[in-house]
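The values are calculated or read from the model by the stated rules, or taken from the named source; none is laboratory data. Since we're looking at a predicted model, the values are computed, not measured. Every residue, glycine as well, gets a Cβ built from its backbone with ideal geometry; the counts of neighbours run over all protein chains shown.
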Amino acid sequence: MMQYPQITIPPRSEHLWRYTPWKRVHPTKVEEMPKADPIKFSHGEESEMHDSEEIARAFIHSVSPICRKITLSDETVEVDLRCSGHICAGEMSIESKGHSNLVIRISGDAGWAGLRVTGSVSGTLSIAYINDLASDAHFLKCEDWEILRDSTLEFATLSAGGFLNKSDIRFDLIEKGSEIRTGIASNGYGSRHDDHHLEIKHSVGHTDSSLVMHATCNDSSHSVGTGLLTITEGADGSDAGQVFRNLLLSEKSRAEAIPELEVLADDVKAAHGAASAPIDVNQIHYLASRGLSNEEASALIVEGFLMDAFREIKSETVVSALRTRLLVHLECLMNG
Amino acid sequence: MLSIENLHVSVEDTEIIKGLSLKINLGEVHAIMGRNGSGKSTLASVVMGHPDYEVTSGTIMFKGQPLEELEVYERARAGMFLSFQYPSSIPGVQVGTFLRKSVAAVRGEDAPSAREFRKELKAHMEALEMDKSFLSRYVNDGFSGGEKKRLEILQMLLLNPTLALLDETDSGLDIDALRVVSDGINSITPTAGCLLITHYQRLLDHVKPDFVHVMIDGKIVKTGGPELAAELESKGYDWLEE
């Protein structure tokens, strides 16, 4: 297997690297493999992870000094990932059986943080990721998930921290009856650049997927949402939907929302959509008529828009954790 | 309390209201009836301050103050309430959160404590026959027509306005829901002025108006008592246009 230095730097023409090229993601110079401090995991056993030929995964694997394994079985677990130092990295594998909730909070003042995750779901797993990194951090996250027979993964992310974020998340529905429900909420402010690439692959038929990404874009922030939905040949009876919505709050902010479909089976349902718009004046008027100032009304609409990304997530534990953190984050922003 | 003098209102250079005058005092119930497009909803929207409508001439005074000096949220805090014909949905915002924020904003220092608020809310929801699961749903998101109207009336009861503008609150309601909503309206009218905008007599069977006004082509062309509504029900509007 090729290791990081042998892997060709991907061109910007690739869907995955169009808006945040590898050169911008790498913490130093692309040919270098700098020394990284370990991410501090509050949970997990020591473990090892296989290498990868995908450049970002290979890079994190090469520089990461730590790998942790988290095994869940009918439980709710909160995991803190503390990132500190100039450059830090870590790998984490997750295995879940039964009905579990996992709340992962990523925080710290690292200049650059890299996290690679692999996961396997048997049963139902609901995950809340909360990116709460310092506002000048660069963050790279790569994930690969397999969902087994009659199993469900609820995957929710609140992306509120960091200055430059790139996440590349891939889900594979590998057995019949498997389902993935994904909700991503990204809050853009200042010059924050937040790039989420999500691939969902229906490898077999009678599998369901839904992806909702909501991004609010204020100041001169830049949000990117790219999705690749693949329904493989013979995966009949698959049902898939992707929707990307951006709420534009300033003239200088930018948002890209690009869902792509690759459907190779005949008997499937596959839908996708993308929309970018400012706040609806009728919503503002409605809230103002209930006594909220324009500023208060806008803040409530933004909060609701972000929470609405999680409408498909059934786990109250996960939704409650996300709501609590979002409210704290928005209040901190409002108070400077 | 509300005094409108020779009001003219336009939307994108099209004049909708063409010289309307109306006075509503505390404790009075006024009903405005008229065909679609006669300007009834425009009147409610412009009094509440919707940005799409431009007052080209005339005056609107509320509690002795020119309304043009007040932002929309200031009108609400001054005691004005509009029950919308088509209330906006606010996805992601739970009804309970929204009501708490709204009550705190409008009632200010007089806002109830968290415990008192819950007690008040429970009493009003029971009176309106609303299930408590309403509170965790998103504001008007996926609501039926009747559910939206009940939520509007619940807000009115919690905000306890001195002037309530009710824009076709009876539309989308079945007979039982109409009775429940009417009871809610009747509970505030002793201490508030009320303007009912409606197409039908049926709401006025439950909420007795002191005055009925007929609006045609942006003007009030006739004013009478409750008997005028019954006359309109049987004769239509043609005789008023002649």
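Annotations for the structure displayed:
- B:Leu67 within 14 Å of chain A (Cβ to nearest Cβ), without any contact (Cβ under 8 Å) to a residue 24 or more places away in the chain, buried (at least 19 other Cβ atoms within 10 Å of the Cβ) and out of contact with any Phe, Trp or Tyr (no Cβ under 9 Å at 6 or more places or on another chain): yes
- Hey, B:Ala76 without any contact (Cβ under 8 Å) to a residue 40 or more places away in the chain, of a type in the set (A, V, I, L, M, F, W, C) and at the interface with chain A (Cβ under 8 Å from one of its Cβ atoms) or not: no
- Of the residues making up region B:81-101, those that are buried (at least 22 other Cβ atoms within 10 Å of the Cβ), at the interface with chain A (Cβ under 8 Å from one of its Cβ atoms) and within 17 Å of the chain's Cα centre (by Cα) number 3.
- Some residue of region B:233-240 being in a helix (DSSP H, G or I), closer than 20 Å to B:Met48 by Cβ, touching a strand residue (DSSP E or B) at 6+ places or on another chain (Cβ under 7 Å) and at pLDDT below 90: no
- Selection within region B:105-130 - without any contact (Cβ under 8 Å) to a residue 40 or more places away in the chain and either under 17 Å from the mean Cα position of the chain (by Cα) or at the interface with chain A (Cβ under 8 Å from one of its Cβ atoms) (or both): B:Ala105
- Within region A:229-271, being under 17 Å from A:His197 (Cα atoms) and in contact with a Pro (Cβ under 8 Å, 6 or more places away or on another chain) holds for A:Leu229, A:Gln242, A:Val243, A:Phe244.
- Residue within region B:26-42 that is surrounded by fewer than 19 Cβ atoms within 10 Å (Cβ to Cβ), of a type in the set (D, E, K, R), within 14 Å of chain A (Cβ to nearest Cβ) and closer than 22 Å to B:Leu2 by Cβ present: no
- The set of residues from region B:172-208 being part of a helix (DSSP H, G or I) and closer than 20 Å to B:Glu120 by Cβ comprises B:Val180, B:Val181, B:Asp183, B:Gly184, B:Ile185, B:Asn186, B:Ser187, B:Ile188.
- Restricting region A:186-212 to residues that are hydrophobic (A, V, I, L, M, F, W, C) and in contact with a strand residue (DSSP E or B) (Cβ under 6 Å, 6 or more places away or on another chain), the residue that is surrounded by the fewest Cβ atoms within 10 Å (Cβ to Cβ): A:Val212
- Restricting A:Glu95, A:Glu75 to those that are over 21 Å from A:Ser167 (Cα atoms), surrounded by fewer than 18 Cβ atoms within 10 Å (Cβ to Cβ) and among the acidic types (Asp, Glu) reduces the list to A:Glu75.
- Here A:Ala215 fulfils each of the conditions (1) aliphatic (A, V, I, L, M); (2) crowded, with 23+ Cβ neighbours inside 10 Å; (3) closer than 23 Å to A:Asp239 by Cα apart from (3).
- Boolean, B:Ser41 is polar (S, T, N, Q) and under 17 Å from the mean Cα position of the chain (by Cα): yes
- Subset of region A:9-23 that is in a loop (DSSP other than H, G, I, E, B) and free of Cβ contacts under 8 Å to residues at least 40 places away in the same chain - its residue that is surrounded by the fewest Cβ atoms within 10 Å (Cβ to Cβ): A:Ser13
- The set of residues from region B:164-191 being in contact (Cβ under 8 Å) with a residue 60 or more places away in the chain and either surrounded by 23 or more Cβ atoms within 10 Å (Cβ to Cβ) or aromatic (Phe, Trp, Tyr) (or both) comprises B:Ala164, B:Leu165, B:Leu166, B:Asp167, B:Thr169.
- Restricting attention to region A:274-292 and to residues that are more than 24 Å from the chain's Cα centre (by Cα) and of a type outside the set (A, V, I, L, M), the residue that is nearest to A:Arg245 (Cα to Cα) turns out to be A:Asp280.
- Condition broken by A:His329, with the remaining ones in (1) more than 19 Å from the chain's Cα centre (by Cα); (2) within 23 Å of A:Tyr189 (Cα to Cα); (3) modelled with pLDDT under 95 satisfied: (1)
- Subset of region A:160-185 [within 17 Å of A:Gly205 (Cα to Cα) and either surrounded by fewer than 23 Cβ atoms within 10 Å (Cβ to Cβ) or modelled with pLDDT under 95 (or both)]: A:Asp172, A:Ile174, A:Glu175, A:Lys176, A:Gly177, A:Glu179, A:Arg181
- Among (1) in a helix (DSSP H, G or I); (2) over 25 Å from B:Glu28 (Cα atoms); (3) out of contact with any strand residue (DSSP E or B) (no Cβ under 7 Å at 6 or more places or on another chain) - the single one B:Val106 does not satisfy: (2)
- Taking the criterion of being polar (S, T, N, Q) and in contact with a Pro (Cβ under 6 Å, 6 or more places away or on another chain), the only residue of region A:1-35 that qualifies is A:Thr28.
- Which numbered condition A:Leu228 fails, given (1) without any contact (Cβ under 8 Å) to a residue 40 or more places away in the chain; (2) outside any helix (DSSP H, G or I); (3) out of contact with any Phe, Trp or Tyr (no Cβ under 8 Å at 6 or more places or on another chain): (1)
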